[in-house]
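Below is one structure; the comments refer to it alone.
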Amino acid sequence: MGKRREPRKQIQVPVRIFGTDSSGNVFSEAVVTVNVGQQGVEVSGVRSEVKSDEILGLTYGTNRARFKVRWIGTPGTPKAGHLGLQNIAPEKPLWDFELPSAGPDNFQAPVVQQRSHSRIECRNSVELHTPEGASFWATIADLSVAGCYVEMAIPLHRGTKVNLGIWIGENKVWADGEVAYSTPGLGIGVKFNKVSLSDLDRIQQYLAPLAKFARKPSF
């Protein structure tokens, strides 16, 4: 396969993955790690069919994180039932064992998704309104000028149109958006479709001093 972006620790520990399979059904499975790195993990024993680039939740003990499916083992090969997962927020604690230091390895990791705006970790209250009239109150975990991640135990479906009121200080900024991806038990990624120039400027001013906490490109 080539070269990985990081070395991995060969270790087998039980974890649980959950999300939406390729048929759109919610699933939750107990699987086992094959190797673990600072930014990714390979797991085995996966029975559900998932799509590449799908966002899944993974729990280890009481910790949980969001991962993107970067590769899927080919049926009929030794890698059948294996998934290669990339941690979306590797700076958050997940594992309770020491991992190799970041550096090159002789295995190819899949290409990281390219996005045009920095995603900055924050904790902002948000209200969401759907065209059908339903309203939800939740918390934003990260924000960019083009989108955000909203923590929701029972997330909205991908493709749902939403109007968001994001609290910045004592005031709100508003954006029309669409759910880009949804992870059961974790939340939704929302892509902004329309934001007024004044509200966009307020978001930029709010994010400017937080730029040092930017994790990686976002929407």
Practice problem: Considering every residue within segment 5-26, establish whether at least one is free of Cβ contacts under 8 Å to residues at least 60 places away in the same chain, small (Gly, Ala, Ser) and over 22 Å from GLY189 (Cα atoms). | Solution: no
Quiz item: What about GLY76, is it free of Cβ contacts under 8 Å to residues at least 60 places away in the same chain, more than 14 Å from SER182 (Cα to Cα) and not in a loop (DSSP other than H, G, I, E, B)?
Solution: no
Exercise. Please go through segment 171-208 and pick out each residue that is under 28 Å from SER28 (Cα atoms), among the aliphatic types (A, V, I, L, M) and surrounded by fewer than 20 Cβ atoms within 10 Å (Cβ to Cβ).
Key: ALA180
Quiz item: Which members of segment 162-191 meet the condition of being over 24 Å from GLY57 (Cβ atoms) and part of a strand (DSSP E or B)?
Solution: ASN163, GLY165, TRP167, ILE168, ASN171, LYS172, VAL173, TRP174, ALA175, ASP176
Quiz item: Which condition number does VAL26 fail, the rest of (1) within 30 Å of CYS148 (Cα to Cα); (2) out of contact with any Lys or Arg (no Cβ under 6 Å at 6 or more places or on another chain); (3) at pLDDT 90 or above being met?
Solution: (3)
Quiz item: Would a scan of segment 37-52 turn up a residue that is at positive phi, touching a residue at least 24 places away in the same chain (Cβ under 8 Å) and assigned to a loop (DSSP other than H, G, I, E, B)?
Solution: yes
Quiz item: In segment 67-124, which residue that is closer than 21 Å to VAL145 by Cβ and basic (Lys, Arg) is modelled with the highest pLDDT?
Solution: ARG123
Quiz prompt | Pairs with Cβ under 6 Å, 6+ apart, first in segment 137-161 and within 23 Å of VAL26 (Cβ to Cβ), second assigned to a loop (DSSP other than H, G, I, E, B) | solution = ALA138/MET152; LYS161/PRO131
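The values are calculated or read from the model by the stated rules, or taken from the named source; none is laboratory data. This is a predicted model, so every value here is computed, not measured. Positions of Cβ are generated from backbone atoms using ideal geometry, with glycine treated the same way; all protein chains shown enter the neighbour counts.
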